[in-house]
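Take a look at the structure set out below.
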Amino acid sequence: MAPLASFALALSSLASLVAGHGYLKSITVNNQNYLAWQVGQDPYVTPTPSRYARKLDNNGPVPDFYASKDITCGVGGNIPAAGIIDVKAGDTVTLNWDQWNSDHPGPVMTYLAKCANNDCKTFKGDTGNVWVKIDQLGYNPSASPAWASYLLRDQGAKWKVTIPPGLAPGEYLLRHEILGLHVAGTRMGAQFYPSCTQIRVTQGGSTQLPSGIALPGAYNPEDPGILTHVWRINQGQITYTAPGGPVWSGAAPNANRAGP
């Protein structure tokens with residue numbers, strides 16, 4: 001193959017890989033749409049646009065999900081957003097990705113953390129067991145598609161999350177992520193795509209979040225939900241359990257479909 005053709009092929013492959021990634025583009029609550037940080041656009045806008053999810057530098061995965069604080073809210077510095085979305089306990093929030101067309105099988109997970117001092121503008125959530133899982137789908141061999149990430153794709157790159165009905169009012173970070181397992185057979189090969197949206201629960205109950213997990217800290221590279229072979233799961237040789245522990249008992253039923 002000629003050098004020029006080889007170079008063109010390499011560029012094409014790189015473009016396909018980048019195009020396969022994705023990021024949270026907007027959030028819909030009660031038919032109102034709120035923009036997240038617009039990757040590739042907002043850094044060039046002056047003054048900085050008011051957004052409702054924290055800045056992301058790119059649409060790729062977190063390079064070091066084990067020790068880096070980037071795993072908390074994505075690669076972008078975990079800078080508090082200017083806006084906050086008012087929701088009621090029990091509301092359904094739709095998380096809209098810019099796209100998700102890649103062949104990245106894996107679970108979809110969502111966590112909540114209560115902002116310290118009820119102030120998300122001063123809270124990062126990168127220390128302590130503050131993250132409580134409220135939503136998760138992984139691999140269900142009886143469903144079609146079996147993988148949650150494929151379900152998100154088939155739903156038009158959208159994912160619905162219900163705010164726990166009894167949750168106490170206050171300010172929270174809603175952390176939503178896809179875990180891509182396509183190269184998870186290699187240590188540190190799993191790909192996490194997290195984002196953090198700032199919400200204010202205005203009408204709720206009296207239920208406080210329990211102690212949860214720490215991010216960074218909870219995602220161990222040796223966890224079989226992180227270091228695994230997708231083909232063995234697909235063939236029924238092993239069962240799959242997503243990392244981060246079970247969904248909180250106070251969470252609402254999954255708004256996308258039932259099952260693991």
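Bear in mind these aren't lab numbers, they're just calculated from the coordinates by the rules spelled out. From a predicted model like this one, the values you see are computed outputs, not experimental measurements. Neighbour counts are summed over all protein chains in view; Cβ atoms, including those assigned to glycine, are modelled from backbone coordinates with ideal geometry.
Some points to look at:
- In sequence order, calculated HN-Hα J values of the range 140-154 (Karplus, 6.51, -1.76, 1.60; Hz; x Gly/Pro): 10, x, 8, 9, 9, x, 6, 8, 4, 5, 6, 5, 4, 4, 5
- For the pair Gln99 and Asp42, the difference between a 0.36 nm per residue extended length and the Cα-Cα distance amounts to 18.8 nm.
- Neighbour counts of C-beta atoms inside 10 Å place Ser195, Ser142 in the sequence Ser142, Ser195, starting with the fewest.
- Dipole in debye (nearest 20) - the range 115-254, about Cα centre, beta carbon charges: Lys, Arg +1; Asp, Glu -1: 200 debye
- Proximal charge balance of Ile79 [Cβ under 14 Å; K/R count +1, D/E count -1]: +2
- Charge tally for His104 (other residues, Cβ to Cβ under 14 Å; Lys, Arg +1; Asp, Glu -1): -2.
- Each of Ile226, Ile85, Trp159 was scored by the projection of its Cα onto the charge dipole of the range 20-234, and the greatest displacement toward the positive side belongs to Ile85; charges sit on the C-beta of Lys, Arg, Asp and Glu.
- In the elastic network of the chain, a GNM with C-alpha springs shorter than 10 Å, the most mobile of Ile178, Ile71, Ile233 is Ile233.
- Ordering Cys120, Cys73, Cys115 from the fewest to the most neighbouring beta carbons within 10 Å gives Cys115, Cys120, Cys73.
- For the range 20-234, the gyration tensor built on C-alpha atoms gives a rounded shape. Its axis ratio a/c (a ≥ b ≥ c) stays under 1.5.
- Close amide-amide hydrogen proximity is noted between Asp86 and Arg200, each under 5 Å apart and 5 or more residues distant or on a separate chain (H modeled in the peptide plane; Pro and chain starts excluded).
- Gain on full stretching of the segment that runs from Asn33 to Thr92 - 0.36 nm per residue minus C-alpha separation: 20.0 nm
- Charges were assigned to the Cβ only: +1 to each Lys and Arg, -1 to each Asp and Glu. The resulting dipole of the chain about its Cα centre is roughly 280 debye.
- Relative to the longest principal axis of the Cα atoms of the chain, the long axis of helix 3-19 makes an angle of roughly 20 degrees.
- With contacts taken as Cα pairs under 8 Å and at least 6 residues apart, the chain reaches a relative contact order of 23 percent.
- Here the range 97-160 is treated with +1 on each Lys and Arg Cβ and -1 on each Asp and Glu Cβ, and its dipole about the Cα centre works out to around 200 debye.
- Note on the range 202-241 and the range 57-95: Cα centroid distance 17 Å, given to the nearest whole angstrom.
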